[in-house]
Amino acid sequence: MSKQAPSPFTNHHDAYSMKQEDKEVWLLNGMRQLTEWHRERCMEYARFLLGSGADNNHIQRLDQLPYLPTSIFKKFDLLSVDPEQHSKLKTVQSSSTSSGVPSRIFQDEATSYRQKKSVQSIFDSFLGTERRPYIIFDAMETARGKNSMSARGAAIMSLMGYASRFYFVMDLCDGQLVLNEERLIEAVEAAKESGDFIAYGFTYILYQAHEVMQRQGHSFEGFGNQTFLIHSGGWKKLQNIAVDKGSFNDAVSSVWNISPVQVIDFYGLVEQTGVIYPDCPHGNKHVPYYADVIIRDPHTLQALPTGEVGLIQLMNLLPLASPNHSVITDDMGKIVGVDDCPCGRRGKAFQFAGRAPKAEVRGCGDVYAEEQGK
């Protein structure tokens, strides 16, 4: 049995410093090792590999690596740790979807460390390293949970390392999130004193909160270019009411009188916890050197070239407790460039294009919106 998992990190301090050509050689070796790690430790995964005919010894390209559908993590608890260690695991769950069944992904201590290091490396590239007041457009209850946490809670906690102080500015009242005016003003005063702040909310929740703020006549000034409002998930309901990304950024940034590029959307999945894909100022999402994105034809599942829209396959070197290191999603996207984005980040750049037709509503923000009957 493999005694040591491959390290997901090199001496590259920047998550986007490795050229794609160099990354593909290095990452392929690590992904093959990690596939073998999970095959030896997870009986169900080993059966999948056997049934699929995937031969780890003959894989020569990243797009030949086996992958699991994200839906399988709704049906099975897949574990790559000894049974006596199960009680020590943490669980991250997607929100209850329209099917009512969340994905369950398990983390051991080593995986959790790798994921935190990854998120910090990615956010450092977009936010810098300075601590600022952190305004959270959610209720405190969302981020509670010692051994189990929702995707929303995990996203909130991922930014705590950048907080000098944090402020939950919404309350949960009868199942609905309501803006707490007093706490909002307290947070804004702290942010003004600092000159900059970071904020986070799930996409629909952040938009809804800023609609309320606009109706109440809020308009804040005096914030610099290190102020960022970050959001993820939940685009479906906004698209249904004709709110695209440009309109969203304008609506949110106008309350704070900052540039729309300081509103940052990031893409990520519970099934790939630890690797997130924020938008750069040019509207592209970038892949760190210890991960990759493959776009596949929805009908044939063949890898597609740059510019063509298909299903998004995600892979990374982080997970040790569950075989979620290579998954295919129900999301659509396209690669828009390699090593050539004007923002200077190397590797693949891609864009999210929405959910595949007939795919279930999965985003936590979408589910929240559905529950409100909006």
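The values are calculated or read from the model by the stated rules, or taken from the named source; none is laboratory data. Because the structure is predicted, anything quoted here is derived from the model rather than measured. Glycine gets a Cβ as well: all are built from the backbone with ideal geometry, and neighbour counts include every protein chain shown. When the accessible area is computed, the model is the full protein with side chains, heavy atoms only, and any ligands, DNA or RNA have been set aside. Shrake-Rupley method; radii C 1.70, N 1.55, O 1.52, S 1.80 Å.
Give the residue, chosen from Val293, Val263, that is touching a residue at least 24 places away in the same chain (Cβ under 8 Å) and either touching a helix residue (DSSP H, G or I) at 6+ places or on another chain (Cβ under 8 Å) or open to solvent by 30 Å² or more (accessible area, probe 1.4 Å) (or both). Don't jump to the end; show me each part of the working.
Working: Val293 fails: either touching a helix residue (DSSP H, G or I) at 6+ places or on another chain (Cβ under 8 Å) or open to solvent by 30 Å² or more (accessible area, probe 1.4 Å) (or both).
On inspection, the qualifying residue turns out to be Val263.
Scan the stretch 245-260 for residues that are open to solvent by less than 10 Å² (accessible area, probe 1.4 Å) and either in contact with a helix residue (DSSP H, G or I) (Cβ under 7 Å, 6 or more places away or on another chain) or within 22 Å of Val336 (Cα to Cα) (or both) and the total you get is 4. Scanning the stretch 155-197 for residues that are touching a Ser or Thr at 6+ places or on another chain (Cβ under 9 Å), open to solvent by 20 Å² or more (accessible area, probe 1.4 Å) and under 12 Å from Asp138 (Cβ atoms) turns up just one, Leu172.
Would you pick out the residues in the stretch 134-154 that are open to solvent by less than 10 Å² (accessible area, probe 1.4 Å) and touching an Asp or Glu at 6+ places or on another chain (Cβ under 8 Å)? The one that is open to solvent by less than 10 Å² (accessible area, probe 1.4 Å) and touching an Asp or Glu at 6+ places or on another chain (Cβ under 8 Å): Ala139.
Does the stretch 51-96 hold any residues that are among the aliphatic types (A, V, I, L, M), closer than 17 Å to Ile294 by Cβ and within 25 Å of the chain's Cα centre (by Cα), and which are they? Passing the criteria: Leu62, Leu65, Leu68. Scanning the stretch 329-351 for residues that are open to solvent by less than 20 Å² (accessible area, probe 1.4 Å) and aliphatic (A, V, I, L, M), we see that the one that is farthest from Gln4 (Cα to Cα) is Ile335.
Among the residues of the stretch 51-110, those that are in contact with an Asp or Glu (Cβ under 7 Å, 6 or more places away or on another chain), part of a helix (DSSP H, G or I) and crowded, with 17+ Cβ neighbours inside 10 Å comprise Leu62, Phe73. Would the stretch 18-26 turn up any residue that is under 17 Å from Tyr290 (Cβ atoms), part of a loop (DSSP other than H, G, I, E, B), at pLDDT 90 or above and open to solvent by less than 60 Å² (accessible area, probe 1.4 Å)? Taking every residue of the stretch 18-26 in turn, at least one turns out to be under 17 Å from Tyr290 (Cβ atoms), part of a loop (DSSP other than H, G, I, E, B), at pLDDT 90 or above and open to solvent by less than 60 Å² (accessible area, probe 1.4 Å). Within the stretch 297-316, identify whether any single residue is buried (at least 20 other Cβ atoms within 10 Å of the Cβ) and within 16 Å of Gln120 (Cα to Cα), and answer yes or no. Yes: one or more hits. Contact map, the stretch 20-35: residues that are within 10 Å of Asn56 (Cβ to Cβ) paired with residues that are in a helix (DSSP H, G or I) and open to solvent by less than 70 Å² (accessible area, probe 1.4 Å), Cβ distance under 8 Å, separation 6+ or inter-chain. Pairs shown: Met31/Leu62; Arg32/Asn56; Thr35/Leu49; Thr35/Asn56. Here the condition is being among the small types (Gly, Ala, Ser), at pLDDT below 95 and over 17 Å from Pro278 (Cα atoms); of Ser247, Ser232, it holds for Ser247 alone. So is Phe48 at pLDDT below 95 and either open to solvent by less than 50 Å² (accessible area, probe 1.4 Å) or charged (D, E, K, R) (or both) or not? It is false that Phe48 is at pLDDT below 95 and either open to solvent by less than 50 Å² (accessible area, probe 1.4 Å) or charged (D, E, K, R) (or both).
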